[in-house]
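Chemist: Here's a structure for you.
The values are calculated or read from the model by the stated rules, or taken from the named source; none is laboratory data. Predicted, not measured: the structure shown is a model, and the values here were computed from it. Just the protein is used for accessible areas: all its heavy atoms, side chains included, with ligands, DNA and RNA removed. Shrake-Rupley method; radii C 1.70, N 1.55, O 1.52, S 1.80 Å.
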Amino acid sequence: MGYQNVLVTVAVAADSHRLVEKAVSIVRPYNGKITLLSMIANPEMYNNFAGPMLGDLRALMEEETLLFMEELRLRADYPIADTLIVHGELGDSLNYASHRQTYDLVVCGNHSDSMMNKVSCSAARFINTSHIDVLIIPL
């Protein structure tokens, strides 16, 4: 039995296309579903002095993410069941998504070559508390 419901974490980056391609190759033989999840960093983390512009920055970041996820959807050559945009840490976002819907597999990318990142990736907290399989793709 193959994976039927896969959650793919994506970022507004070209590497995300590889993650979607991998997920498609996993679910296609079983007519499974793919959900894309992207996180948006809170602009407050970047500049505490921006004040009134933060609302505009949030909206701009969300619009950019929506457009990129639509590009991923169109280039996937496979139906994407759902897309989610969340704010916060990866582990918290994955927990939120997995409580919202049942997934068999979570696909994440590892964007860093540093030794510390290989030992402790940002999905580790989710991996340690979840019963869902996690596939980490080196990018």
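Chemist: Quick one: accessible surface of THR129, probe radius 1.4 Å, all protein chains present, in square angstrom to the nearest 10.
Modeler: The accessible area comes out at roughly 90 Å².
Chemist: Right, next: Using only protein heavy atoms and a 1.4 Å probe, report how much of TYR3 is accessible, in Å² to the nearest 10.
Modeler: Around 70 Å² of this residue is reachable by solvent.
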